[in-house]
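Before any comments, here is the structure.
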Amino acid sequence: MPKDQHQRHKHPREKKQQQQKDGTVERISMSLPPGLLSEFDKSMKKAGFSDRSKAIQTALHSFIDQNDWDKGEDSRNGAGAIMMLYDNHAYSHDDAGTHIQHRYSDIISATTHMHLDHDNCLETIMVRGEIRKIKELAKSLSENRGIKSLKVHFVAII
């Protein structure tokens, strides 16, 4: 067979891995202590992952998201949900909470409200925009009386 007609046959795993957005992936190698790898494999299986590559990709995305939220450039964009548990007798949802949400209507996409019992409500606010504005909104909401818990789940837009 002439040299220019020879085609390299790709391993099936290589073909699958190259089916990313841009058609390529980087193959890496890493050294890990056996105990850490064992714990990762257990956690991976509990989470329902069937292979390490996908589990590691998910872990890397989580690491990037958390780092962007904690130390990232506040002008970067992201999306997420702000979850608030509050005492509906103490939290002035009709006044302060509503005014705060109206001030940030440019980053709020949707809200849901659920009555948990006679005293407690759970509200989820879906947001998308600059990290700086999402942090400002979360801080403003957390300063209201009656908030028992406020958590932000943030994802960087990669």
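The table that follows gives values for the structure above.
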{"item": "Residues of the range 117-141 classified as farther than 19 Å from S62 by Cβ and either in contact with a Gly (Cβ under 6 Å, 6 or more places away or on another chain) or free of Cβ contacts under 8 Å to residues at least 12 places away in the same chain (or both), total", "result": "3"}
{"item": "Exclusive hit being assigned to a helix (DSSP H, G or I), open to solvent by less than 20 Å² (accessible area, probe 1.4 Å) and of a type in the set (A, V, I, L, M, F, W, C), set I125, I134, I82", "result": "I134"}
{"item": "Subset of the range 108-139 [within 19 Å of S75 (Cβ to Cβ) and of a type in the set (G, A, S)]", "result": "G129, A138"}
{"item": "Candidates S142, S149 - the one that is small (G, A, S) and either open to solvent by 50 Å² or more (accessible area, probe 1.4 Å) or closer than 30 Å to S38 by Cβ (or both)", "result": "S142"}
{"item": "Cβ pairs under 9 Å, 6+ apart, first in the range 61-84 and more than 17 Å from L141 (Cα to Cα), second of a type in the set (D, E) and modelled with pLDDT of 90 or more", "result": "D74/E130; S75/E130; R76/E130; N77/E130; G78/E130"}
{"item": "Total residues in the range 19-43, condition under 24 Å from I157 (Cα atoms) and part of a helix (DSSP H, G or I)", "result": "0"}
{"item": "Residues of the range 85-97 satisfying the condition of being assigned to a helix (DSSP H, G or I) and surrounded by 11 or more Cβ atoms within 10 Å (Cβ to Cβ)", "result": "H93, A96, G97"}
{"item": "Residue match in the range 88-100 (condition: at pLDDT below 90 and either touching a strand residue (DSSP E or B) at 6+ places or on another chain (Cβ under 7 Å) or more than 30 Å from H118 (Cβ to Cβ) (or both))", "result": "yes"}
{"item": "Selected residue (criterion: farthest from D87 (Cα to Cα)) from residues of the range 124-136 that are touching a helix residue (DSSP H, G or I) at 6+ places or on another chain (Cβ under 8 Å) and modelled with pLDDT of 95 or more", "result": "V127"}
{"item": "Complete set of residues in the range 107-122 that are open to solvent by 80 Å² or more (accessible area, probe 1.4 Å), touching a strand residue (DSSP E or B) at 6+ places or on another chain (Cβ under 7 Å) and not in a strand (DSSP E or B)", "result": "L116"}
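The values are calculated or read from the model by the stated rules, or taken from the named source; none is laboratory data. Quick caveat: nothing in here was measured; it's all calculated off a predicted structure. Virtual Cβ from ideal backbone geometry, glycine too; neighbours counted across all protein chains shown. These accessible areas exclude ligands, DNA and RNA; they are computed on the full protein's heavy atoms, side chains included. Shrake-Rupley method; radii C 1.70, N 1.55, O 1.52, S 1.80 Å.
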